[in-house]
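Trainee: Sharing a structure below in structure tokens format, with a few things to ask.
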Amino acid sequence: MTMENKSALLVGVGGQGAILTAKVLVNGLMSAGYDVKMSEVHGMSQRGGSVSTQVHWGKKVYSPVIGRGAADIIVAFEKMEAVRYADFLKPDGVAVINDYEIPSSTVAAGLCEYPAGCLEAMERTFRCFTLNAGEIAIGLGSAKCMNIVLFGALTRALSMNDVDWESVIRATVPPKFLELNLAAYRAGRDAVK
Amino acid sequence: MVIILERQLLSGNEAIARGAYEAGIRVCSAYPGTPSTEIFENLPQYADSLYCEWAPNEKVATEMAYGACMGGVRSLCAMKHVGLNVAADPMFTAAYNGVGAAFVIVTADDPSMHSSQNEQDNRYYARSAKIALIEPSDSQECVDFMKEACRISEKFDMPVLFRTTTRVSHSKSLVTPGEREEPAVTPYVRNADKFVSVPAHAYRNHAKVEKNLAELEKYSNVCPLNRVEMNGTKIGVVTASIAYEYAKDAFPADTSFLKLGLTNPLPMDLIRSFAAKVDKLYVIEELEDFMEAQIRAAGIPCEGKNLTGRLYELNPQLLKERIFGVKPETRDTGVQAVSRPPALCPGCPHRGFFYTMSKNKNFVVAGDIGCYTLGCAAPLNAMDTCVCMGGGFSVAVGLAKTFEVTGQTEKKVFGVLGDSTFFHSGMTGAAEIIYNKAHVIPVVLDNSITGMTGHQDNPGSGYTLQGDVAEAIRIEDVLKSYGFEAVIIVDPQDLTAMQKAVDDALASAVPAAIICRRPCLLIKRMHHDIGLCTVDTDKCIGCRKCLKVGCPAVMTVNGKSRIDPTACVGCTVCAQVCPVGAISRKENG
């Protein structure tokens, strides 16, 4: 454990399961002996708004939050949210992006347009791992495991070899959903090879 | 036998609950409010060792907990920052009387206003009330400082204000749990000289307060919560709370720190000796110059607010930029995300009421704090004011009297608040409407839960914090006993009935009130009638009227309406406004 501290930002829309994904990530980091801090915003943001969860790890972590240009990795559960938080990413940072679109209430009401070319703009600007986690999850039998598909992609992008992520999933997920979630994790990893 | 407990990742709020348990606190009361709510959601797990409850409001919670401390056990109350405005009255007098056993008041401030109407800095309350202020920086300190807060409260005979911010309360960090202290309980005896705050006692008590505060200031210089980390002599930083964590990341490794946990009264001798050891002194704090102004007034040169500013949350990158001029390196994607404002959920019972309000330009709606504040957002745009908890009814009276004295009689005023807010401080506003004959229709949006803070029970919901069955106070009975002879109870999701309720209330010859009653769909213990609405695109004429209800599930695609089947719950409000019957509900969709 000689590395510098690392920061991950998980962004999406309220209800997509970003917080649960962050918890699995944190359990893995803790099992490998890292100091970990995690920060999330509650309250009004839960009602269909944009949500973000931050995870920081290393030998000793102080701040539970970062500012612009300080994230090593962003996991976007929705592609416009990737663009919204892009300036938190370091120039050499990595983005894992779900090719998935959720119109905001303002777009749905016809008050503005959903921006075109979110994915392409991210791919032009940063090193990106893009996947359609929603489709992969439905293919596995449940749209609800989309967040674990993204988690699989995240672990591939992190390329950390000191954490046994499958054991972490085994320890975190209820037995009833274990096989589905392990399949989702592996499919997510394979999707961004 | 010593049990070694494993390290756990806890939020600051979970850690405060743990700290209350370990400190031997026995009685706890709170009103929910972001970012403080989870403290009390995490207390029932310790119910074998302590009593905890939701109070109707923060003032009641503070009075109740103070009563327990006068009774002789350690007690705690908790609230968000604006809640302390409501609870300030008992706090200021508790400061004069002093405590029986320890009394801790938790305030969770919200810099950047993630879920609040202002970003007031509650550290000034401690200075103003002349009580101790303790500020943890992470979850381990939330546990450890709670025990020290209890010791300080008892040793210096004063309430302790225990202040967090959103990032302390809602960030998770590693905690090593400890064991519970069991303070001895002394049998209760009356002590009227101390606890009856008549003027003669208060006159004497003020002198005692000043003496105790002076003693506490002496102690603050040696208190274990205030510590020096010497790493070099070039730069020194005085800091506290979450700003300590930001500064540790932002300043060079050879920076020395004076990290304060007890911040009122400030340890000025300790600060002076620390300042003398470094070439340059910074004071790093979020929001106001609470510490810096006092340090400057003591004649110690320092810098801080001139660089960091008073607005909003800080973070390490902001500090690096504002103090050292190091701009973060970022890349622009060239694409602009559109805003994703929070909206009333699909199937939210409040939608039907606000849609009805939105149709009449002469309706003036005095709103309040809760999920229903979102009735102000486009496309509903159905709210005129929102000030504070309970303000919905009383602000409405002010508006109605204005229209009365200025002859704007075409304006019809509605005061709007929720069930939990009604019990919090809406009832006094209802009395104001009757007592002063105001032309206001009070409307209680009763969704059977305290919604926005994440579903806490209240005096109308029928359950306690521990989940036990409680007496559910009937809002209609309260309103009737006040003199609202016509209390109209309506299902707001039935738009025809909702419109009739409004028309009937306005036409009523006797004082009228409306209760819009339908439970929040997110209440887990209830069965909900979930369906699915779909659009017949052949019938849809693309008039976009269904978009006017402001439902996140309803959108327009290629000129025709479309309903997101993953979001829709089949409430049919959009179907009721469709002029051509293009939307229909399928059962069990």
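Trainee: Between residue B:293 and residue B:273, how high is the FRET efficiency from 1/(1 + (r/R0)^6) when r is the Cβ-Cβ distance and R₀ = 30 Å? Nearest 0.05.
Mentor: Details: r = 20 Å, r/R0 = 0.67.
E(calc), rounded to 0.05, equals 0.90.
Trainee: Evaluate the charge dipole of the protein assembly as shown about its Cα centre and quote only its size in Debye, nearest 20, assuming +1 on the Cβ of each Lys and Arg and -1 on the Cβ of each Asp and Glu. Don't skip to the answer; put the middle values down first.
Mentor: Working: 78 positive and 85 negative charges, 140 e Å.
With Lys and Arg at +1 and Asp and Glu at -1, about 680 debye.
Trainee: Within region A:1-41, which residues have the backbone N less than 12 Å from the label spot 7 Å out from residue B:564 along Cα→beta-carbon, could you tell me?
Mentor: What the label zone holds, given the 12 Å backbone N cut-off, is A:13-16.
Trainee: Assuming R0 = 30 Å, can you tell me the calculated FRET efficiency for the pair residue B:186 and residue B:469, based on Cβ-Cβ distance, to the nearest 0.05?
Mentor: On the way: r = 34 Å, r/R0 = 1.15.
It comes out at approximately 0.30.
Trainee: Also, I was wondering about something else. What whole-number distance in Å separates the alpha-carbon centres of region B:366-395 and region B:396-467?
Mentor: 10 Å
Trainee: Please give the length that would be gained between residue B:234 and residue B:211 if that part of the chain were fully extended, namely 0.36 nm times their separation in residues minus their C-alpha to C-alpha distance (nm, one decimal).
Mentor: Details: separation 23, 0.36 × 23 = 8.28 nm, distance 3.73 nm.
Additional length available on full extension: 4.5 nm.
Trainee: Considering Cα pairs under 8 angstrom that are at least six residues apart, work out the relative contact order of chain A and quote it in whole percent. Before the final figure, lay out each step's value.
Mentor: Details: 364 pairs, mean separation 39.0, N = 193.
Normalised by residue count, the contact order of chain A is 20 percent.
Trainee: Rounded if a/c is under 1.5, else prolate if a/b is larger than b/c, else oblate: which is the protein assembly as shown, with a ≥ b ≥ c the root eigenvalues of its Cα gyration tensor? Intermediate results must be reported in sequence, preceding the final value.
Mentor: On the way: a/c = 1.76, a/b = 1.11, b/c = 1.59.
It is oblate, given that a/c is not under 1.5 and a/b is not larger than b/c.
Trainee: Hey, quick one: spin label on residue B:530, modelled 7 Å out along Cα-Cβ, who in region A:118-161 has an amide N within reach, i.e. under 19 Å?
Mentor: A:138, A:141-147
Trainee: Extending each Cα 7 Å along its Cβ direction at residue A:31 and residue B:489, get the distance between those two points in nm, one decimal.
Mentor: 5.2 nm
Trainee: So if each residue of separation counts as 0.36 nm, and I subtract the Cα-Cα distance between residue B:509 and residue B:339, what length gain in nm does that give? Numbers along the way, then the final one.
Mentor: Working: separation 170, 0.36 × 170 = 61.20 nm, distance 4.57 nm.
Roughly 56.6 nm would be gained on extension.
Trainee: Follow-up. When a/c reaches 1.5 or more, the comparison of a/b and b/c decides; with that in mind, is chain B rounded, prolate or oblate per its Cα gyration tensor? Walk me through the intermediate numbers first.
Mentor: Working: a/c = 2.01, a/b = 1.54, b/c = 1.31.
Note, shape of chain B comes out prolate.
Trainee: Between region A:57-84 and region B:169-240, what's the alpha-carbon centroid distance in Å?
Mentor: 37 Å
Trainee: Work from the charge dipole of chain B (Cβ charges, +1 for Lys and Arg, -1 for Asp and Glu, about the Cα centre) and give the residue of B:192, B:161, B:512 farthest towards its positive end.
Mentor: Of the listed residues, the answer is B:512.
Trainee: Considering the zone a paramagnetic label at residue B:312 would reach in this model (a point 7 Å from Cα along the Cα-to-Cβ line), which residues of region A:87-127 have amide N under 19 Å from it?
Mentor: A:87-90
Trainee: So between residue B:203 and residue B:405, what do we pick up on full extension, going 0.36 nm a residue minus the alpha carbon distance? Mind showing how you got there, number by number?
Mentor: Details: separation 202, 0.36 × 202 = 72.72 nm, distance 4.45 nm.
Separation in residues times 0.36 nm, less the Cα-Cα distance, equals 68.3 nm.
Trainee: Additional query: Along the positive direction of the dipole of the protein assembly as shown (beta-carbon charges: Lys, Arg +1; Asp, Glu -1; about the Cα centre), which of B:267, B:530, A:96 reaches farthest?
Mentor: Sorting the options by dipole projection puts first A:96.
Trainee: So which of A:193/B:172; B:59/B:361; A:176/B:524; A:59/B:259; B:80/B:277 end up more than 28 Å apart, counting from Cα to Cα? Spell out each step's value before the answer.
Mentor: On the way: A:193/B:172 32 Å; B:59/B:361 37 Å; A:176/B:524 21 Å; A:59/B:259 21 Å; B:80/B:277 38 Å.
Over 28 Å apart, Cα to Cα: A:193/B:172; B:59/B:361; B:80/B:277.
Trainee: I would also like to ask the following. How much FRET efficiency would the formula 1/(1 + (r/R0)^6) give for residue A:160 and residue B:584, where r is the Cβ-Cβ distance and R0 is 41 Å, rounded to 0.05?
Mentor: Values: r = 52 Å, r/R0 = 1.26.
About 0.20, to the nearest 0.05.
Trainee: Which whole-angstrom value gives the distance between the alpha carbon centres of region B:254-271 and region B:274-351?
Mentor: Value for the Cα centre distance between the two parts: 20 Å.
Trainee: Restricting to DSSP loop positions (anything but H, G, I, E, B) with no more than 16 other Cβ atoms inside 10 Å of their own Cβ, which trypsin sites (Lys or Arg not before Pro) remain in region A:55-110? Please report the intermediate quantities before stating the final value.
Mentor: Details: sites: A:59, A:60, A:68, A:79, A:84; in loops: A:59, A:60, A:68.
Here the trypsin sites (Lys or Arg not before Pro) that fit, given the DSSP loop and packing criteria, are A:59, A:60.
Trainee: What is the mean number of Cβ atoms from other protein chains located within 10 Å of the Cβ atom of each residue in peptide B:133-144, rounded to a whole number? Please report the intermediate quantities before stating the final value.
Mentor: Working: counts 0, 0, 0, 0, 2, 4, 2, 0, 0, 0, 0, 0.
Rounded to a whole number, the mean comes out at 1.
Trainee: Follow-up question, since we're still on this one. Please work out whether region B:531-587 counts as rounded, prolate or oblate from its C-alpha gyration tensor, where a ≥ b ≥ c are the square roots of the eigenvalues and a/c under 1.5 means rounded, while otherwise a/b larger than b/c means prolate and anything else oblate?
Mentor: Values: a/c = 1.42, a/b = 1.29, b/c = 1.10.
Cα axes put region B:531-587 in the rounded bin.
Trainee: Can you compute the helix-only [θ] at 222 nm over the protein assembly as shown? Use -39500 (n - 2.57) per DSSP H run of at least 4 residues, normalise by all residues, nearest 500 deg cm²/dmol.
Mentor: Numbers: 28 runs with 273 residues, N = 782.
One gets -10000 deg cm²/dmol as the mean residue ellipticity at 222 nm.
Trainee: OK, next. Please figure out what share of the DSSP beta bridges in the protein assembly as shown is antiparallel and state it in percent, rounded to the nearest 5. Present the calculation step by step, with values, prior to reporting the outcome.
Mentor: Numbers: 36 of 104 bridges.
Antiparallel bridges: around 35 percent, rounded to the nearest 5.
Trainee: Tell me the label-point distance for the pair residue A:171, residue B:151, using the 7 Å Cα-to-Cβ offset, in nm and rounded to one decimal.
Mentor: 3.4 nm
Trainee: Quote the charge dipole size of region B:227-324 about the Cα centre in Debye, to the nearest 20; the model charges only the Cβ of Lys and Arg (+1) and of Asp and Glu (-1). Working shown, then result.
Mentor: Details: 12 positive and 14 negative charges, 52 e Å.
That gives region B:227-324 a dipole magnitude of about 260 debye.
Trainee: Of B:381, B:467, B:454, which is farthest on the positive side of the dipole of region B:368-475, counting Cα position, with +1 on Lys and Arg Cβ, -1 on Asp and Glu Cβ, and the Cα centre as origin?
Mentor: Checked the options; the winner is B:381.
We did not get these values from a lab; they are worked out from the coordinates using the rules stated. Treat the numbers as computed from the prediction; the structure is a model and nothing was measured. Heads up, the Cβs are rebuilt from the backbone with ideal geometry, glycines too, and the neighbour counts pull from every protein chain shown.
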